[in-house]
Amino acid sequence: MVPAPYVCDPPEFRSFWAKESADLLDPFSWSTSPEPVFATCYEHGNYGPGHNSCTKAGDDVLLVYHAHTYPEIVGDPLWNPVRHTFVKPRRRDAQGMPVFGRSSTL
């Protein structure tokens, strides 16, 4: 599971997981990644990646998310209408954990 912060602050995703047999209602069943798995990419001009979802296209799993193309949000971030939708493939590492890589370019 990769929850997104409601205002993208900090502008990053961290991954959460639990063992298949775990009690998902027990907060101590969950682990979190020590480092962000997806974050702002200054090089690509992609800031504050936000709410996301995964979908399938054939055999590929795709990450669909929104982000801004400018570094500073003016005004209330919850009412800022200028978000762009991005889609990128989601891969897995040798342990089966998702690898998101860097955010896409516009």
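The values are calculated or read from the model by the stated rules, or taken from the named source; none is laboratory data. In this text the structure is predicted, and so the values were computed from the model without any measurement. Because the Cβ atoms are built from the backbone with ideal geometry, glycine has one as well, and the counts that use them run over all protein chains shown. Each accessible area value is taken on the protein alone, full model and side chains, heavy atoms only, with ligands, DNA and RNA left out. Shrake-Rupley method; radii C 1.70, N 1.55, O 1.52, S 1.80 Å.
Please tell me the relative contact order of the chain in percent, rounded to the nearest whole number, where contacts are Cα pairs under 8 Å and at least six residues apart.
24
Computed with a 1.4 Å probe over protein heavy atoms only, the accessible surface of the chain comes to 67 Å² per residue.
Only the Cβ atoms of Lys and Arg (+1) and of Asp and Glu (-1) were treated as charged; on that basis the dipole of the chain about its Cα centre amounts to roughly 320 debye. The GNM of the chain, with springs linking C-alpha atoms under 10 angstrom apart, assigns the highest mean-square fluctuation among Leu25, Leu62, Leu78 to Leu25.
Give the carbon-plus-sulfur fraction of the accessible surface of the chain in %, rounded to a whole number; probe 1.4 Å, heavy atoms of protein chains only.
Working: 4090 of 7140 Å².
Heavy-atom surface of the chain belonging to carbon and sulfur, 1.4 Å probe: 57 percent.
Compared with the rule-of-thumb size 2.2 N^0.38 Å for a compact globular protein, the chain has a Cα radius of gyration ratio of 1.15.
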